[in-house]
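The values are calculated or read from the model by the stated rules, or taken from the named source; none is laboratory data. Since we're looking at a predicted model, the values are computed, not measured. For neighbour counting, all protein chains shown are included, and Cβ atoms are generated from backbone atoms with ideal geometry for every residue, glycine included.
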Amino acid sequence: MVDKIECCECCEHHTELIERVRKSGVSKERLYDLAELFKVFGDTTRIRILFALFKNEMCVCDIAELLSMTHSAISHQLRVLKQAKLVKCRKDGKTVFYSLDDSHIETIIGQGLNHVSE
């Protein structure tokens, strides 16, 4: 059964409230960027990769083994995560290690986990 959405029974605008929100708001461009960031979080594989990188930096081979996926599939997802500035990499000889780009990513995922656990 789908919950019914509650709606106003009138058509009255609260002009002062609207203006206060407009003035304290964020630009449409910034909100677009935020929506794009959240799209990156909308993929289970990418979330699993980020969660794995909470613990330690890892190479593509290790992530592929951990998630039982191909190197190609993991590389594709890491490319998306890197473009979104969620992961960074460093090369050590022939091995490329990936890690979280900064502590914000762990905070975002942690807050999401707290929310879905409520």
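Couple of notes before you dig in:
- Residues being within 12 Å of L86 (Cα to Cα) and in contact with a Leu (Cβ under 6 Å, 6 or more places away or on another chain) - total across region 47-64: 1
- In region 82-96, the residue that is surrounded by the most Cβ atoms within 10 Å (Cβ to Cβ) out of those that are over 13 Å from I49 (Cα atoms) and among the basic types (K, R) is K85.
- Put simply, of F54, F38 the only residue that is at pLDDT below 95, outside any loop (DSSP other than H, G, I, E, B) and within 28 Å of K94 (Cβ to Cβ) is F54.
- For region 1-25, the tally of residues that are surrounded by 10 or more Cβ atoms within 10 Å (Cβ to Cβ) and in a loop (DSSP other than H, G, I, E, B) stands at 1.
- For region 61-85, the set of residues classified as farther than 16 Å from L100 by Cβ, in a helix (DSSP H, G or I) and among the aliphatic types (A, V, I, L, M) consists of A64, L67, A73, listed by residue number.
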